[in-house]
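> I have a structure here, written as structure tokens, and I will follow up with some questions on it.
The values are calculated or read from the model by the stated rules, or taken from the named source; none is laboratory data. Only a predicted model underlies this, so the values are computations on that prediction, with no experimental measurement involved. All Cβ positions, glycine included, derive from the backbone under ideal geometry; neighbour counts span all protein chains shown.
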Amino acid sequence: MTRHFGKADIAALLARHRAGHTLDQPFYTDPAIFEVDAARVFFRDWHYAGHVSEIPAAGDYLLFEMLGESVIVLRDDAGAIRAFANVCRHRGARLCSAASGHVRRFTCPYHAWSYGLDGALVHARQLDPAIDRTALGLKPVATEVFEGLIYLSFADTPTSFDALRAELTPHVRAFDLARTKVAARRSYPVQANWKLLVENYNECYHCTAAHPEFARSHVIHMSADRAAPHNAALAARAAAAGLSVTTLDRIGAAAPAGSPDYSYNRYALFDGYQTGSEDGKPLAPLLGDVKACDGGASDVYVGILNPMLVYCDHAVIYRFVPIDATTSLQEVIWLVHEDAEEGRDYDAARLTWLWDVTTEADKRIIEANQQGVASRFYEPGPLVEMESYTRRFHDAYLARMR
Ligand code: FES
Ligand SMILES: [Fe+2]
């Protein structure tokens, strides 16, 4: 019999959290805590919603869906990216059901009210002329475009991208992510609480055992002292390639006030690996202004829920999608240079190989983790140094819950 937690119980759980340990069981299993997670984390933070190249022309749109909400992300007549709640202002029907498409205006399938690309109500048959139509536009949802990546937030007062843009842009500019396109995208259902997905993504302590394919090429699975010589050698190669190896950590307590969390770190691949490929050879044309494959991988966060990994020739974006207390979806999106042509410049199977096998393995270990944390025998366990980012995530999460 599962006991559901109330506010007072959550306060008690927060009070008894032991620093440097995993969370108490209810944080991974309890539907009431999941509701609080939704309010304090998912409806406050920023979410990766898509890439500008997916909606190149005025009237192109895509849907962003999470926790029962649906948002239309579109390009308007002026070329700007905007987002509106996918909720008709007449009786509330969903306006759009296709995951993406192109329209001149959005016409509700229920009674045919229609809305322009600016969200304004333009047609409402038989509506009393005395009613102010300007007050019946689609509800806007906050969006930010950072290097061609579209983020959205449900918050009433979303955090500002100003500091993130100022500090993070110089590190990622050379990749010119705005001039990429989606080469592949996959969804992996995971029977686990969303926090176990994030915890797992944030540490490579598990990589040696769980990811032989990844561990063969990426030094991040080694302890810091053993990885150091590889990272030192990377610095010169990265500089020649025009890439930053400066670590920027603005996660949790280190994030500027009123800003989303963000970070940047470039680490080395082993000798012989130019990128995250099976044979070490490049997978696609160089990104943006990158001058050469330096054999590195940049770990970038735009908000604590939006990590990506950027190699010299492709980027991999992760989206953690919460479904309920013990169900999530892991989305993985692969980006390549906008001019790259499949079959000529890249092969989708080779491109996606590493992060497909790695994500499938993660799915297995995370689901086993969920089964264990749901056990009557589970109690929070101690983290090691290599799990410091997982601890950083816990601290940022717990701060939001307090
Ligand atoms: S609910 Fe959309 S037109 Fe009636
Ligand atoms: Fe993993």
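> Within segment 149-164, is even one residue closer than 26 Å to Phe43 by Cβ and touching a helix residue (DSSP H, G or I) at 6+ places or on another chain (Cβ under 7 Å)? Walk me through it before giving the result.
Within segment 149-164, the first condition is being closer than 26 Å to Phe43 by Cβ, and the residues that meet it are 149-164.
Within this subset, residues satisfying the condition of being touching a helix residue (DSSP H, G or I) at 6+ places or on another chain (Cβ under 7 Å) are 149-150.
Scanning segment 149-164 turns up at least one residue that is closer than 26 Å to Phe43 by Cβ and touching a helix residue (DSSP H, G or I) at 6+ places or on another chain (Cβ under 7 Å).
> Continuing with this model, one more query. Looking at segment 90-120, which of its residues are over 19 Å from Leu62 (Cβ atoms) and more than 10 Å from ligand 1 (Cβ to nearest atom)? Spell out how you get there, then give the answer.
First, pick out the residues of segment 90-120 that are over 19 Å from Leu62 (Cβ atoms): 90-93, 110-114, 120.
Matches in segment 90-120: Ala120 only.
Yes/no matrix, rows are residues, columns are (1) surrounded by 16 or more Cβ atoms within 10 Å (Cβ to Cβ); (2) modelled with pLDDT under 95:
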site	(1), (2)
Pro322	yes, no
Glu338	yes, no
Leu351	yes, no
Asp356	yes, no
Asp362	yes, no
Gly381	no, no
Met386	yes, yes
Phe393	yes, yes
Tyr397	yes, yes
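> Just to be sure before I move on: is Glu213 within 23 Å of Leu329 (Cα to Cα) and touching a Ser or Thr at 6+ places or on another chain (Cβ under 6 Å) in the structure I sent?
In short, no.
> Now, a different point. Suppose we filter Thr352, Thr390, Thr359 for residues that are of a type outside the set (A, V, I, L, M, F, W, C), out of contact with any strand residue (DSSP E or B) (no Cβ under 6 Å at 6 or more places or on another chain), within 16 Å of ligand 2 (Cβ to nearest atom) and touching a residue at least 24 places away in the same chain (Cβ under 8 Å); which single one remains? Explain how you work it out, then say what you get.
Values: Thr352 fails: out of contact with any strand residue (DSSP E or B) (no Cβ under 6 Å at 6 or more places or on another chain); Thr359 fails: out of contact with any strand residue (DSSP E or B) (no Cβ under 6 Å at 6 or more places or on another chain).
The conditions single out Thr390.
> Tell me the residue from Asp249, Asp313, Asp271 that is surrounded by fewer than 19 Cβ atoms within 10 Å (Cβ to Cβ), out of contact with any strand residue (DSSP E or B) (no Cβ under 6 Å at 6 or more places or on another chain) and not β-branched (Val, Ile, Thr), please. Lay out the reasoning, then the answer.
Details: Asp249 fails: out of contact with any strand residue (DSSP E or B) (no Cβ under 6 Å at 6 or more places or on another chain); Asp313 fails: surrounded by fewer than 19 Cβ atoms within 10 Å (Cβ to Cβ).
Of Asp249, Asp313, Asp271, the one residue that is surrounded by fewer than 19 Cβ atoms within 10 Å (Cβ to Cβ), out of contact with any strand residue (DSSP E or B) (no Cβ under 6 Å at 6 or more places or on another chain) and not β-branched (Val, Ile, Thr) is Asp271.
> Return the only residue of Tyr110, Tyr115 being surrounded by fewer than 20 Cβ atoms within 10 Å (Cβ to Cβ), away from ligand 2 (no atom under 16 Å from the Cβ) and aromatic (Phe, Trp, Tyr).
Details: Tyr115 fails: surrounded by fewer than 20 Cβ atoms within 10 Å (Cβ to Cβ).
So the residue among Tyr110, Tyr115 that is surrounded by fewer than 20 Cβ atoms within 10 Å (Cβ to Cβ), away from ligand 2 (no atom under 16 Å from the Cβ) and aromatic (Phe, Trp, Tyr) is Tyr110.
> Residues to consider are Ala361, Ala315, Ala349, Ala374; find the one that is assigned by TED's automatic domain parsing to the domain that holds Phe214 and within 28 Å of Ser70 (Cα to Cα).
Ala315
> While we're looking at this one, here's another question. Which count do you get for residues in segment 151-192 that are polar (S, T, N, Q) and surrounded by fewer than 21 Cβ atoms within 10 Å (Cβ to Cβ)?
Residues of segment 151-192 that are polar (S, T, N, Q), as a first pass: 153, 157, 159-160, 169, 180, 187, 191.
Now drop any that are not surrounded by fewer than 21 Cβ atoms within 10 Å (Cβ to Cβ), which leaves 157, 160, 169, 187, 191.
Adding up the residues that qualify gives 5.
> Right, another one. Does Pro140 qualify as being surrounded by fewer than 17 Cβ atoms within 10 Å (Cβ to Cβ), more than 16 Å from ligand 1 (Cβ to nearest atom), touching a residue at least 24 places away in the same chain (Cβ under 8 Å) and in the same structural domain as Asp345 (by TED's automatic domain parsing)?
Numbers: surrounded by fewer than 17 Cβ atoms within 10 Å (Cβ to Cβ): yes; more than 16 Å from ligand 1 (Cβ to nearest atom): yes; touching a residue at least 24 places away in the same chain (Cβ under 8 Å): yes; in the same structural domain as Asp345 (by TED's automatic domain parsing): no.
No, not satisfied.
> For segment 214-227, enumerate the residues that are assigned to a helix (DSSP H, G or I) and more than 18 Å from Arg391 (Cβ to Cβ). Show your work before the answer.
Of the residues in segment 214-227, the ones assigned to a helix (DSSP H, G or I) are 214-215, 219-221, 224-227.
Within segment 214-227, Phe214, Ala215, Val219, Asp225, Arg226, Ala227 meet the criteria.
> Under the condition of being within 18 Å of the chain's Cα centre (by Cα) and β-branched (Val, Ile, Thr), which residue from segment 342-372 is farthest from Thr180 (Cα to Cα)?
Here is the first cut: in segment 342-372, the ones within 18 Å of the chain's Cα centre (by Cα) are 352, 355-356, 358-360, 362-363, 366.
Adding the requirement that they be β-branched (Val, Ile, Thr) leaves 352, 358-359, 366.
On the way: Thr352: 16, Thr358: 23, Thr359: 22, Ile366: 31 Å.
Within segment 342-372, the match that is farthest from Thr180 (Cα to Cα) is Ile366.
So that you can scan it fast, the table gives a plain yes or no per residue for (1) under 14 Å from the mean Cα position of the chain (by Cα); (2) of a type in the set (S, T, N, Q); (3) more than 26 Å from Tyr151 (Cα to Cα):
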{"site": "Tyr262", "(1), (2), (3)": "yes, no, no"}
{"site": "Tyr267", "(1), (2), (3)": "no, no, no"}
{"site": "Gly272", "(1), (2), (3)": "no, no, yes"}
{"site": "Glu278", "(1), (2), (3)": "no, no, yes"}
{"site": "Pro282", "(1), (2), (3)": "no, no, yes"}
{"site": "Leu305", "(1), (2), (3)": "yes, no, no"}
{"site": "Asp324", "(1), (2), (3)": "no, no, no"}
{"site": "Glu331", "(1), (2), (3)": "yes, no, no"}
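> Looking at segment 101-122, is at least one residue among the small types (Gly, Ala, Ser) and under 30 Å from Asp324 (Cβ atoms)? Spell out the reasoning first.
Step one: of segment 101-122, the residues among the small types (Gly, Ala, Ser) are 101, 112, 114, 116, 119-120.
Applying the additional criterion that residues be under 30 Å from Asp324 (Cβ atoms) yields 101.
For segment 101-122, residues among the small types (Gly, Ala, Ser) and under 30 Å from Asp324 (Cβ atoms): present.
> Next question, about the same structure. Would you tally the residues in segment 379-402 being in contact with a Gly (Cβ under 6 Å, 6 or more places away or on another chain) and assigned to a loop (DSSP other than H, G, I, E, B)?
Result for segment 379-402: 1.
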